[in-house]
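The values are calculated or read from the model by the stated rules, or taken from the named source; none is laboratory data. Computed from a prediction, not measured in an experiment: that's the story for all the values here. A quick note on method: Cβ atoms are made from the backbone with ideal geometry, for glycine too, and the neighbour counts reach across all protein chains shown. When the accessible area is computed, the model is the full protein with side chains, heavy atoms only, and any ligands, DNA or RNA have been set aside. Shrake-Rupley method; radii C 1.70, N 1.55, O 1.52, S 1.80 Å.
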Amino acid sequence: MHKFDFKNRTAVITGGAQGFGLDIAKRFLESGARVFIWDVDDKLLKSVINEIKNPNLEFNVVDVANYKEVEKYVSKIIDKTNIDILINNAGLTGPTGPLWKYDVDTWNNIVQVNLMGTFNCCRAIVPNMIKFNYGRIVNIASVAGKDGNANASAYSSAKAGAIGLTKALGKELADKDIAVNAVTPAGAKTRILDQMSKEHVQRMLSKVPRGRFLEIHELTSLVCWLSSEENSFSTAAIFDISGGRSTY
Ligand SMILES: NC(=O)c1ccc[n+]([C@@H]2O[C@H](COP(=O)([O-])OP(=O)(O)OC[C@H]3O[C@@H](n4cnc5c(N)ncnc54)[C@H](O)[C@@H]3O)[C@@H](O)[C@H]2O)c1
(Lines give C-alpha, C1' and ligand atoms only; values in the text may rest on other atoms or scores of the structure.)
Protein backbone atom coordinates (compact mmCIF):
# COMPACT_ATOMS: atom_id res chain seq x y z
CA MET A 1 0.00 0.00 0.00
CA HIS A 2 1.25 3.49 -0.87
CA LYS A 3 2.79 5.21 2.17
CA PHE A 4 2.37 8.88 2.92
CA ASP A 5 4.86 10.95 4.86
CA PHE A 6 3.11 12.12 8.02
CA LYS A 7 6.26 12.26 10.16
CA ASN A 8 6.14 15.19 12.61
CA ARG A 9 2.48 15.75 11.76
CA THR A 10 -0.27 15.80 14.37
CA ALA A 11 -3.81 14.83 13.43
CA VAL A 12 -7.15 15.07 15.19
CA ILE A 13 -9.69 12.54 13.91
CA THR A 14 -13.23 12.86 15.20
CA GLY A 15 -15.49 9.81 15.49
CA GLY A 16 -12.39 7.63 15.22
CA ALA A 17 -13.36 4.77 17.53
CA GLN A 18 -14.58 2.65 14.59
CA GLY A 19 -15.42 2.66 10.88
CA PHE A 20 -13.81 5.20 8.53
CA GLY A 21 -12.21 7.22 11.35
CA LEU A 22 -10.41 4.25 12.88
CA ASP A 23 -9.08 3.07 9.51
CA ILE A 24 -7.79 6.58 8.74
CA ALA A 25 -6.16 6.70 12.20
CA LYS A 26 -4.36 3.40 11.55
CA ARG A 27 -2.99 4.58 8.16
CA PHE A 28 -1.87 7.89 9.70
CA LEU A 29 -0.06 6.04 12.51
CA GLU A 30 1.62 3.67 10.00
CA SER A 31 2.76 6.77 8.10
CA GLY A 32 4.38 8.34 11.16
CA ALA A 33 1.73 10.77 12.45
CA ARG A 34 0.80 11.50 16.03
CA VAL A 35 -2.95 10.92 16.26
CA PHE A 36 -5.64 12.15 18.62
CA ILE A 37 -8.95 10.31 18.30
CA TRP A 38 -12.05 11.99 19.67
CA ASP A 39 -15.25 10.03 20.09
CA VAL A 40 -18.24 9.79 22.42
CA ASP A 41 -18.04 5.99 22.74
CA ASP A 42 -15.81 5.57 25.78
CA LYS A 43 -15.96 1.74 25.80
CA LEU A 44 -14.98 1.43 22.14
CA LEU A 45 -12.17 3.97 22.56
CA LYS A 46 -10.66 1.90 25.38
CA SER A 47 -10.76 -1.29 23.33
CA VAL A 48 -9.15 0.54 20.38
CA ILE A 49 -6.29 1.85 22.51
CA ASN A 50 -5.71 -1.68 23.89
CA GLU A 51 -5.76 -3.15 20.41
CA ILE A 52 -3.44 -0.60 18.75
CA LYS A 53 -0.97 0.09 21.59
CA ASN A 54 0.92 2.83 19.79
CA PRO A 55 2.61 5.61 21.82
CA ASN A 56 1.67 8.06 19.06
CA LEU A 57 -2.05 7.42 19.62
CA GLU A 58 -4.11 9.23 22.24
CA PHE A 59 -7.84 9.36 22.65
CA ASN A 60 -10.34 11.56 24.41
CA VAL A 61 -14.04 11.35 25.02
CA VAL A 62 -15.17 14.48 23.20
CA ASP A 63 -18.65 15.32 21.96
CA VAL A 64 -18.04 17.39 18.83
CA ALA A 65 -21.49 18.95 19.16
CA ASN A 66 -20.34 20.67 22.35
CA TYR A 67 -18.15 23.68 21.46
CA LYS A 68 -16.83 24.23 25.02
CA GLU A 69 -15.68 20.61 25.19
CA VAL A 70 -13.99 20.84 21.77
CA GLU A 71 -12.24 24.06 22.78
CA LYS A 72 -11.00 22.47 26.03
CA TYR A 73 -9.41 19.50 24.24
CA VAL A 74 -7.91 21.70 21.54
CA SER A 75 -6.12 23.77 24.21
CA LYS A 76 -4.80 20.58 25.82
CA ILE A 77 -3.25 19.50 22.52
CA ILE A 78 -1.84 22.87 21.47
CA ASP A 79 -0.13 23.19 24.85
CA LYS A 80 2.03 20.27 23.62
CA THR A 81 2.05 20.55 19.82
CA ASN A 82 0.41 22.30 16.88
CA ILE A 83 -2.39 20.56 14.98
CA ASP A 84 -1.56 19.94 11.29
CA ILE A 85 -4.48 17.77 10.21
CA LEU A 86 -8.15 17.72 11.12
CA ILE A 87 -10.49 14.97 9.92
CA ASN A 88 -14.10 15.90 10.66
CA ASN A 89 -15.51 12.40 10.53
CA ALA A 90 -17.86 12.09 13.53
CA GLY A 91 -21.36 11.53 12.28
CA LEU A 92 -24.64 9.69 12.48
CA THR A 93 -27.49 9.21 10.07
CA GLY A 94 -30.27 8.75 12.60
CA PRO A 95 -33.32 6.63 11.77
CA THR A 96 -34.94 6.76 8.33
CA GLY A 97 -38.39 8.26 7.84
CA PRO A 98 -40.31 11.06 6.11
CA LEU A 99 -39.56 14.63 7.18
CA TRP A 100 -43.15 15.40 8.21
CA LYS A 101 -43.10 12.56 10.76
CA TYR A 102 -39.51 13.04 11.94
CA ASP A 103 -38.89 13.61 15.65
CA VAL A 104 -37.79 17.25 16.03
CA ASP A 105 -35.10 16.61 18.68
CA THR A 106 -33.60 13.78 16.65
CA TRP A 107 -33.51 16.01 13.53
CA ASN A 108 -31.74 18.72 15.53
CA ASN A 109 -29.22 16.29 16.97
CA ILE A 110 -28.25 14.96 13.53
CA VAL A 111 -27.55 18.52 12.38
CA GLN A 112 -25.71 19.31 15.63
CA VAL A 113 -23.28 16.41 15.25
CA ASN A 114 -22.73 16.31 11.47
CA LEU A 115 -22.75 20.05 10.71
CA MET A 116 -22.20 21.95 13.96
CA GLY A 117 -19.58 19.38 15.01
CA THR A 118 -17.64 20.16 11.82
CA PHE A 119 -18.02 23.90 12.46
CA ASN A 120 -16.99 23.55 16.14
CA CYS A 121 -13.78 21.66 15.34
CA CYS A 122 -12.83 24.03 12.50
CA ARG A 123 -13.65 27.08 14.65
CA ALA A 124 -11.40 25.85 17.47
CA ILE A 125 -8.50 24.44 15.41
CA VAL A 126 -8.13 26.78 12.41
CA PRO A 127 -6.52 29.63 14.47
CA ASN A 128 -3.70 27.21 15.37
CA MET A 129 -3.25 26.26 11.71
CA ILE A 130 -3.15 29.94 10.71
CA LYS A 131 -0.48 30.58 13.37
CA PHE A 132 1.81 27.95 11.79
CA ASN A 133 0.66 28.59 8.20
CA TYR A 134 -0.02 24.91 7.66
CA GLY A 135 -3.12 22.75 7.74
CA ARG A 136 -5.07 20.04 5.98
CA ILE A 137 -8.76 19.68 6.81
CA VAL A 138 -10.90 16.90 5.38
CA ASN A 139 -14.62 16.88 6.07
CA ILE A 140 -16.35 13.53 5.64
CA ALA A 141 -19.63 14.53 3.99
CA SER A 142 -21.79 12.10 1.99
CA VAL A 143 -23.36 11.59 -1.40
CA ALA A 144 -26.61 12.25 0.53
CA GLY A 145 -25.50 15.88 0.86
CA LYS A 146 -25.31 16.21 -2.93
CA ASP A 147 -28.32 14.16 -4.03
CA GLY A 148 -30.63 14.38 -1.00
CA ASN A 149 -31.71 10.90 0.09
CA ALA A 150 -35.45 10.43 0.59
CA ASN A 151 -36.23 9.57 4.22
CA ALA A 152 -32.91 11.01 5.37
CA SER A 153 -33.71 14.74 5.32
CA ALA A 154 -31.75 15.69 8.44
CA TYR A 155 -28.66 13.77 7.36
CA SER A 156 -28.84 15.05 3.76
CA SER A 157 -29.27 18.64 4.99
CA ALA A 158 -26.43 18.41 7.50
CA LYS A 159 -24.05 16.92 4.92
CA ALA A 160 -25.07 19.56 2.34
CA GLY A 161 -24.21 22.12 5.04
CA ALA A 162 -20.80 20.52 5.54
CA ILE A 163 -20.21 20.79 1.78
CA GLY A 164 -21.08 24.52 1.86
CA LEU A 165 -18.86 25.04 4.89
CA THR A 166 -15.95 23.36 3.09
CA LYS A 167 -16.29 25.59 0.02
CA ALA A 168 -16.54 28.76 2.12
CA LEU A 169 -13.73 28.00 4.59
CA GLY A 170 -11.43 26.72 1.83
CA LYS A 171 -11.71 30.09 0.08
CA GLU A 172 -11.19 32.02 3.33
CA LEU A 173 -7.88 30.18 3.87
CA ALA A 174 -6.73 29.87 0.25
CA ASP A 175 -3.88 32.40 0.59
CA LYS A 176 -2.26 30.15 3.22
CA ASP A 177 -0.81 26.63 3.07
CA ILE A 178 -4.10 25.34 4.47
CA ALA A 179 -6.35 23.10 2.40
CA VAL A 180 -9.98 22.44 3.24
CA ASN A 181 -11.70 19.72 1.27
CA ALA A 182 -14.59 17.31 1.66
CA VAL A 183 -15.29 13.80 0.42
CA THR A 184 -18.73 12.45 -0.48
CA PRO A 185 -18.74 8.69 -0.03
CA ALA A 186 -21.48 6.28 -1.06
CA GLY A 187 -22.48 3.52 1.36
CA ALA A 188 -19.76 1.47 3.06
CA LYS A 189 -20.28 -1.40 5.49
CA THR A 190 -19.71 0.28 8.83
CA ARG A 191 -21.91 0.33 11.93
CA ILE A 192 -23.64 3.50 10.71
CA LEU A 193 -25.72 1.33 8.35
CA ASP A 194 -27.45 -0.26 11.39
CA GLN A 195 -29.14 3.09 12.07
CA MET A 196 -31.12 2.92 8.81
CA SER A 197 -33.74 0.47 7.57
CA LYS A 198 -32.52 -2.46 5.41
CA GLU A 199 -34.73 -1.25 2.53
CA HIS A 200 -33.12 2.22 2.69
CA VAL A 201 -29.61 0.72 2.53
CA GLN A 202 -30.61 -1.52 -0.41
CA ARG A 203 -32.09 1.52 -2.24
CA MET A 204 -28.82 3.43 -1.75
CA LEU A 205 -26.82 0.47 -3.07
CA SER A 206 -29.08 0.08 -6.12
CA LYS A 207 -28.13 3.61 -7.22
CA VAL A 208 -24.37 2.88 -7.36
CA PRO A 209 -23.19 1.98 -10.89
CA ARG A 210 -20.21 0.07 -9.45
CA GLY A 211 -22.84 -2.25 -7.97
CA ARG A 212 -21.16 -2.69 -4.61
CA PHE A 213 -20.40 -0.99 -1.32
CA LEU A 214 -17.40 1.29 -1.00
CA GLU A 215 -14.54 -0.45 0.84
CA ILE A 216 -13.34 1.44 3.90
CA HIS A 217 -9.69 1.41 2.75
CA GLU A 218 -10.72 3.05 -0.56
CA LEU A 219 -12.03 6.07 1.36
CA THR A 220 -8.92 6.11 3.56
CA SER A 221 -6.59 6.33 0.52
CA LEU A 222 -8.35 9.43 -0.76
CA VAL A 223 -8.39 11.05 2.69
CA CYS A 224 -4.67 10.34 3.12
CA TRP A 225 -3.76 12.16 -0.08
CA LEU A 226 -6.00 15.11 0.76
CA SER A 227 -4.39 15.28 4.22
CA SER A 228 -0.84 15.14 2.93
CA GLU A 229 1.63 17.85 1.98
CA GLU A 230 1.37 16.47 -1.58
CA ASN A 231 -2.05 18.09 -1.79
CA SER A 232 -0.69 21.60 -2.09
CA PHE A 233 -3.25 23.06 -4.53
CA SER A 234 -6.72 21.51 -4.17
CA THR A 235 -8.88 23.36 -1.69
CA ALA A 236 -12.55 24.28 -1.20
CA ALA A 237 -13.29 21.19 -3.29
CA ILE A 238 -15.63 18.24 -2.92
CA PHE A 239 -14.12 14.88 -3.91
CA ASP A 240 -16.57 12.30 -5.15
CA ILE A 241 -16.18 8.68 -4.03
CA SER A 242 -19.64 7.38 -4.88
CA GLY A 243 -18.83 4.61 -7.37
CA GLY A 244 -20.34 6.60 -10.22
CA ARG A 245 -23.57 7.57 -8.44
CA SER A 246 -23.01 11.34 -8.41
CA THR A 247 -23.27 13.21 -11.65
CA TYR A 248 -21.58 16.39 -10.43
N1 LIG B 1 -20.51 4.26 6.09
C2 LIG B 1 -21.19 4.92 5.17
O3 LIG B 1 -21.95 4.33 4.41
C4 LIG B 1 -20.99 6.41 5.00
C5 LIG B 1 -21.30 6.98 3.76
C6 LIG B 1 -21.14 8.36 3.61
C7 LIG B 1 -20.65 9.13 4.64
N8 LIG B 1 -20.35 8.54 5.83
C9 LIG B 1 -19.85 9.41 6.89
O10 LIG B 1 -18.61 8.92 7.34
C11 LIG B 1 -18.38 9.31 8.70
C12 LIG B 1 -17.95 8.10 9.50
O13 LIG B 1 -19.01 7.18 9.53
P14 LIG B 1 -18.81 5.60 9.68
O15 LIG B 1 -19.48 4.98 8.53
O16 LIG B 1 -17.40 5.26 9.98
O17 LIG B 1 -19.77 5.36 10.94
P18 LIG B 1 -19.52 4.75 12.38
O19 LIG B 1 -20.85 4.74 13.05
O20 LIG B 1 -18.78 3.45 12.25
O21 LIG B 1 -18.55 5.81 13.09
C22 LIG B 1 -18.98 7.09 13.49
C23 LIG B 1 -18.32 7.42 14.80
O24 LIG B 1 -18.72 8.76 15.18
C25 LIG B 1 -18.88 8.78 16.58
N26 LIG B 1 -19.73 9.90 16.99
C27 LIG B 1 -21.07 10.04 16.85
N28 LIG B 1 -21.49 11.18 17.40
C29 LIG B 1 -20.38 11.81 17.90
C30 LIG B 1 -20.17 13.04 18.59
N31 LIG B 1 -21.19 13.82 18.90
N32 LIG B 1 -18.89 13.37 18.95
C33 LIG B 1 -17.86 12.54 18.66
N34 LIG B 1 -18.01 11.35 18.02
C35 LIG B 1 -19.25 10.99 17.65
C36 LIG B 1 -19.54 7.42 16.89
O37 LIG B 1 -19.42 7.07 18.26
C38 LIG B 1 -18.77 6.49 15.96
O39 LIG B 1 -17.65 5.92 16.60
C40 LIG B 1 -19.70 9.93 9.18
O41 LIG B 1 -19.60 11.32 9.13
C42 LIG B 1 -20.70 9.44 8.15
O43 LIG B 1 -21.80 10.30 8.04
C44 LIG B 1 -20.51 7.20 6.03
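State yes or no: is ALA141 farther than 20 Å from PHE6 by Cβ and either away from the ligand (no atom under 14 Å from the Cβ) or open to solvent by less than 10 Å² (accessible area, probe 1.4 Å) (or both)?
Values: farther than 20 Å from PHE6 by Cβ: yes; either away from the ligand (no atom under 14 Å from the Cβ) or open to solvent by less than 10 Å² (accessible area, probe 1.4 Å) (or both): yes.
In short, yes.
Where residues in segment 45-73 are closer than 19 Å to ASN109 by Cβ and not in a loop (DSSP other than H, G, I, E, B), which of them is least open to solvent (accessible area, probe 1.4 Å)?
Step one: of segment 45-73, the residues closer than 19 Å to ASN109 by Cβ are 61-70.
Still in the list and also not in a loop (DSSP other than H, G, I, E, B): 61, 67-70.
Numbers: VAL61: 60, TYR67: 59, LYS68: 142, GLU69: 52, VAL70: 0 Å².
That would be VAL70.
Just to be sure I understand the filter: pairs with C-beta atoms under 9 Å, separated by 6 or more residues or on different chains, first member in segment 69-88 and basic (Lys, Arg), second member more than 16 Å from the ligand (Cβ to nearest atom). Which pairs pass?
LYS80/THR10
Looking at segment 28-43, is at least one residue among the charged types (D, E, K, R), within 8 Å of the ligand (Cβ to nearest atom) and not in a helix (DSSP H, G or I)?
Here is the first cut: in segment 28-43, the residues among the charged types (D, E, K, R) are 30, 34, 39, 41-43.
With the extra rule that they be within 8 Å of the ligand (Cβ to nearest atom), the set shrinks to 39, 41.
After this cut, where a residue has to be not in a helix (DSSP H, G or I) as well, the list is 39, 41.
Within segment 28-43, one or more residues are among the charged types (D, E, K, R), within 8 Å of the ligand (Cβ to nearest atom) and not in a helix (DSSP H, G or I).
(1) in contact (Cβ under 8 Å) with a residue 60 or more places away in the chain; (2) of a type outside the set (D, E, K, R); (3) near the ligand (Cβ under 10 Å from one of its atoms): which one isn't true of VAL61, the others all being true?
That leaves (1) as the condition not met.
Would you be able to say whether some residue in segment 228-239 is open to solvent by less than 10 Å² (accessible area, probe 1.4 Å), modelled with pLDDT of 95 or more and within 12 Å of the ligand (Cβ to nearest atom)?
Looking only at segment 228-239, we keep the residues that are open to solvent by less than 10 Å² (accessible area, probe 1.4 Å), and these are 228, 231.
When the remaining residues are screened for being modelled with pLDDT of 95 or more, the result is 228, 231.
Still in the running and within 12 Å of the ligand (Cβ to nearest atom): none.
No, there is no match, as no residue in segment 228-239 is open to solvent by less than 10 Å² (accessible area, probe 1.4 Å), modelled with pLDDT of 95 or more and within 12 Å of the ligand (Cβ to nearest atom).
Does ASN8 count as in contact (Cβ under 8 Å) with a residue 12 or more places away in the chain, exposed (fewer than 15 other Cβ atoms within 10 Å of the Cβ) and either assigned to a loop (DSSP other than H, G, I, E, B) or in contact with a helix residue (DSSP H, G or I) (Cβ under 7 Å, 6 or more places away or on another chain) (or both)? Lay out the reasoning, then the answer.
Numbers: in contact (Cβ under 8 Å) with a residue 12 or more places away in the chain: yes; exposed (fewer than 15 other Cβ atoms within 10 Å of the Cβ): yes; either assigned to a loop (DSSP other than H, G, I, E, B) or in contact with a helix residue (DSSP H, G or I) (Cβ under 7 Å, 6 or more places away or on another chain) (or both): yes.
Yes: the conditions hold for ASN8.
What about ALA188, is it touching a residue at least 40 places away in the same chain (Cβ under 8 Å), within 14 Å of the ligand (Cβ to nearest atom), touching a strand residue (DSSP E or B) at 6+ places or on another chain (Cβ under 7 Å) and open to solvent by less than 10 Å² (accessible area, probe 1.4 Å)?
Working: touching a residue at least 40 places away in the same chain (Cβ under 8 Å): yes; within 14 Å of the ligand (Cβ to nearest atom): yes; touching a strand residue (DSSP E or B) at 6+ places or on another chain (Cβ under 7 Å): yes; open to solvent by less than 10 Å² (accessible area, probe 1.4 Å): yes.
Considered against the rule, which asks whether it is touching a residue at least 40 places away in the same chain (Cβ under 8 Å), within 14 Å of the ligand (Cβ to nearest atom), touching a strand residue (DSSP E or B) at 6+ places or on another chain (Cβ under 7 Å) and open to solvent by less than 10 Å² (accessible area, probe 1.4 Å), ALA188 comes out as yes.
Regarding segment 162-178, can at least one residue be identified that is under 23 Å from LEU22 (Cβ atoms) and either within 11 Å of the ligand (Cβ to nearest atom) or open to solvent by 50 Å² or more (accessible area, probe 1.4 Å) (or both)?
Within segment 162-178, the subset under 23 Å from LEU22 (Cβ atoms) is 162, 166.
Narrowing further to those that are either within 11 Å of the ligand (Cβ to nearest atom) or open to solvent by 50 Å² or more (accessible area, probe 1.4 Å) (or both): 162.
Taking every residue of segment 162-178 in turn, at least one turns out to be under 23 Å from LEU22 (Cβ atoms) and either within 11 Å of the ligand (Cβ to nearest atom) or open to solvent by 50 Å² or more (accessible area, probe 1.4 Å) (or both).
Given the structure, is ASN133 on the phi > 0 side of the Ramachandran plot, touching a residue at least 24 places away in the same chain (Cβ under 8 Å) and more than 16 Å from the chain's Cα centre (by Cα)?
Spelling it out, ASN133 is indeed on the phi > 0 side of the Ramachandran plot, touching a residue at least 24 places away in the same chain (Cβ under 8 Å) and more than 16 Å from the chain's Cα centre (by Cα).
When residues of segment 207-226 are filtered for being away from the ligand (no atom under 13 Å from the Cβ) and open to solvent by 90 Å² or more (accessible area, probe 1.4 Å), how many remain?
From segment 207-226, those away from the ligand (no atom under 13 Å from the Cβ) are 209-211, 221, 224-226; that's our starting set.
Narrowing further to those that are open to solvent by 90 Å² or more (accessible area, probe 1.4 Å): 209-210.
Selection size over segment 207-226: 2.
Quick one: which residue in LEU205, LEU173 is among the aliphatic types (A, V, I, L, M), farther than 30 Å from LYS131 by Cβ and more than 16 Å from the chain's Cα centre (by Cα)? Quick ask: steps written out before the conclusion?
Values: LEU173 fails: farther than 30 Å from LYS131 by Cβ.
Answer to the selection: LEU205.
Assuming PHE59 fulfils every condition listed in (1) among the hydrophobic types (A, V, I, L, M, F, W, C); (2) over 17 Å from the mean Cα position of the chain (by Cα); (3) farther than 21 Å from LYS189 by Cβ apart from one, which condition is it?
All conditions pass for PHE59, except number (2).
Applying the selection to segment 11-27, what residues are in a strand (DSSP E or B) and among the β-branched types (Val, Ile, Thr)? Talk me through it step by step, then tell me what you get.
Let us first name the residues in segment 11-27 that are in a strand (DSSP E or B), namely 11-14.
Selection gives VAL12, ILE13, THR14.
Can you tell me which residues in segment 11-30 are open to solvent by 20 Å² or more (accessible area, probe 1.4 Å) and in contact with an Asp or Glu (Cβ under 8 Å, 6 or more places away or on another chain)?
Listed by number, the list holds a single entry, GLN18.
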